[in-house]
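First the structure, in the form of structure tokens, and then the observations on it.
The values are calculated or read from the model by the stated rules, or taken from the named source; none is laboratory data. All values derive from a computational prediction rather than experimental measurement. Note: ideal-geometry Cβ built from the backbone for every residue, glycine included; neighbour counts use all protein chains shown. What goes into the accessible areas is simple: the full protein's heavy atoms, side chains included, and nothing from ligands, DNA or RNA. Shrake-Rupley method; radii C 1.70, N 1.55, O 1.52, S 1.80 Å.
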Amino acid sequence: TRSSRPQRLLSVVKKRAAHGDPQSVISAIDYFCRHNEWAMNVGDEKGCILDSVVSELNPERVLELGTYCGYSTIRIARILPPGARLITLEFNPDYAAIARQVIAWAGLEDKVQLVEGASEDWIPRIKEHFGIETFDFVFLDHWKDRYLPDTKLMEECGLLRKGTVLLADNVICPGVPDYLQYVRSSPSYESYYFKSHLEYTQAEDGLEKSVFLG
Ligand SMILES: O=C(NCCCCc1cc2cnccc2s1)c1cc(-c2ccc(F)cc2)cc(O)c1O
Ligand SMILES: [Mg+2]
């Protein structure tokens, strides 16, 4: 049967990118998605905003909801301080299998733990399973109708602390209206919208940065 888009993306990474060089993996994926086949990576334009938020924060404990092929995973992991850890959740086992290979090709497997399953099942178990108290940074890039319930779930599970930064992808396209309304109106969050574009297109999209105030 025909290969999947993630499989074709992985073969381009192995052909074009240097093993152990995260930037070359990022560039290979962006080239492929801009010139060959669109794919739902956060992309280079929103990716630079992601980079700036992460490097300003210098987080030790990071959670990513939605791995896909591992593009944003390696964007984040490549700028984490030594000893920092990134836990990334992926629902689709085929995507997870590709992402593991992309992360390994970038040489970042020591900083990343990829877990397969649904966010609502995993979030309540993260503390005891990973021995983590709270997260410093959370990147939301999974099912758009799960951003709000999972944020409330993270609050209830005590995974957020004063100053934890949530960064949400796709707040315009596909859009997360209920999540935006919540973080922009709740007294527990200070929110800021970074206007950008849907990856590899000219359509508007953006990232919402929300600081949990406790
Ligand atoms: O759906 C998107 N991302 C979510 C896929 C998630 C599956 C998971 C669920 C789940 C549950 N629990 C744990 C882990 C996970 S991972 C997505 C879609 C577009 C898009 C697509 C068509 C279009 F015309 C315009 C934009 C752009 C994007 O940047 C996206 O991120
Ligand atoms: Mg996205």
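Has the stretch 69-77 got at least one residue that is aliphatic (A, V, I, L, M), crowded, with 20+ Cβ neighbours inside 10 Å and either outside any helix (DSSP H, G or I) or free of Cβ contacts under 8 Å to residues at least 40 places away in the same chain (or both)? The answer is no; no qualifying residue exists.
Looking at the stretch 127-138, I want the residues that are farther than 12 Å from CYS157 by Cβ and have a partner that is surrounded by fewer than 18 Cβ atoms within 10 Å (Cβ to Cβ) and of a type outside the set (A, V, I, L, M) with Cβ atoms under 7 Å, at least 6 apart or on another chain. Which pairs are those? Short answer, once both residue conditions are applied: ASP136/GLU60.
Looking across the stretch 156-186, the residues that are within 14 Å of ligand 1 (Cβ to nearest atom) and in a helix (DSSP H, G or I) come down to VAL171, ILE172, CYS173, PRO174, GLY175, TYR179.
Looking at this structure, is ASP169 farther than 29 Å from ALA84 by Cα and open to solvent by less than 10 Å² (accessible area, probe 1.4 Å)? No: the conditions fail for ASP169. Looking only at residues of the stretch 90-100 that are hydrophobic (A, V, I, L, M, F, W, C) and under 14 Å from the mean Cα position of the chain (by Cα), we find that the one that is surrounded by the fewest Cβ atoms within 10 Å (Cβ to Cβ) is PHE91.
Restricting ILE29, ILE87 to those that are part of a helix (DSSP H, G or I), open to solvent by less than 40 Å² (accessible area, probe 1.4 Å) and either on the phi > 0 side of the Ramachandran plot or modelled with pLDDT of 95 or more (or both) reduces the list to ILE29. Do the conditions hold for ASP150, that is, is it within 11 Å of ligand 1 (Cβ to nearest atom), open to solvent by 40 Å² or more (accessible area, probe 1.4 Å) and either in a helix (DSSP H, G or I) or touching a Pro at 6+ places or on another chain (Cβ under 6 Å) (or both)? Here the answer is no, as ASP150 does not meet what is asked.
Any residue in the stretch 45-58 that is surrounded by 16 or more Cβ atoms within 10 Å (Cβ to Cβ), over 13 Å from the mean Cα position of the chain (by Cα) and free of Cβ contacts under 8 Å to residues at least 40 places away in the same chain? Taking every residue of the stretch 45-58 in turn, none turns out to be surrounded by 16 or more Cβ atoms within 10 Å (Cβ to Cβ), over 13 Å from the mean Cα position of the chain (by Cα) and free of Cβ contacts under 8 Å to residues at least 40 places away in the same chain.
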